[in-house]
Amino acid sequence: MIESEDIEQARIRQTVLAIPTSIDVGDFAAAERLFADRVEVDYSSLWGGTAQTMPRADLIGAWRALVPGFDATWHELGPIDLVLDGARATARCAVDARHWLGTDMWRLRGLYVFDLVRAEGWRVALMHFVLEQEAGDRGLVDQARERVARTGSMTAAGAERSA
């Protein structure tokens, strides 16, 4: 017999895995559904500053203004360790994130920590990235944003990924 906790752990892992996959293929609507109405986002180990709490639409909007500007992205997650506590859970996993413009690549390796709440399925209420290694050209981020801003939407490569 399958325990209900095993099923919940599978659902939590599915949620965590679906976020980078949705973003990498340009399905921002699918990614948005995986977050709580308000989400705390902490990329301070990468960009400095402090964590920010924002509506999920703002987070997705920031990704829409950036990710399609790359020719390709790939976020590979390692095994997901999790702690389930009733209607709350914490999931941790390694991430290897690659971002390409032409033959240039910006690559990050680190740890993701997600706090999730049960609300019409599992939704991410906190996403914290801890940078461990960085390689390549961080300037590709500005170039990707500029590409999206110039076109007013997705680049040709981004449009192909979301089709």
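This ranking places Ser22, Ser4 by how few other beta-carbon atoms lie within 10 Å of each, fewest first, which gives Ser4, Ser22. Taking 7 Å steps out from each Cα toward its Cβ at Ala94 and Thr53 produces label points 3.3 nm apart. Subtracting the Cα-Cα distance of Gln133 and Glu5 from 0.36 nm times their residue separation leaves 42.7 nm of extension gain. Other residues within the sphere of radius under 10 Å centred on the Cβ of Gly121, judged by their own Cβ, net out at +3 (K and R +1, D and E -1).
Determine the calculated [θ] at 222 nm for the chain from helices alone, applying -39500 (n - 2.57) to every DSSP H run no shorter than 4 residues and normalising by the residue count; nearest 500 deg cm²/dmol.
Details: 6 runs with 58 residues, N = 163.
Here the helix-only value at 222 nm equals -10500 deg cm²/dmol.
Considering only alpha-carbon pairs that sit under 8 angstrom and 6 or more positions apart, the relative contact order computed for segment 1-65 is 24 percent.
With a ≥ b ≥ c the root eigenvalues of the C-alpha gyration tensor of the chain, is it rounded (a/c under 1.5), prolate (a/b larger than b/c) or oblate?
Values: a/c = 1.85, a/b = 1.67, b/c = 1.11.
Here the chain falls in the prolate category.
Using Cα pairs under 8 angstrom and six or more residues apart, how large is the relative contact order of segment 25-163, in percent? List each step's numbers first, then the result.
On the way: 275 pairs, mean separation 39.2, N = 139.
That works out to 28 percent.
Provide, as a two-decimal number, the C-alpha radius of gyration of segment 18-57 over 2.2 N^0.38 Å, N being how many residues it has. Display every interim value, and only then the final one.
Numbers: Rg = 11.4 Å, N = 40, 2.2 N^0.38 = 8.9 Å.
Segment 18-57 yields a ratio of 1.27.
All of the numbers you see were taken from the coordinates with simple rules; none came from a lab. In this text the structure is predicted, and so the values were computed from the model without any measurement. Ideal geometry is used to build each Cβ from the backbone, glycine not excepted, and the neighbour counts take in all protein chains shown.
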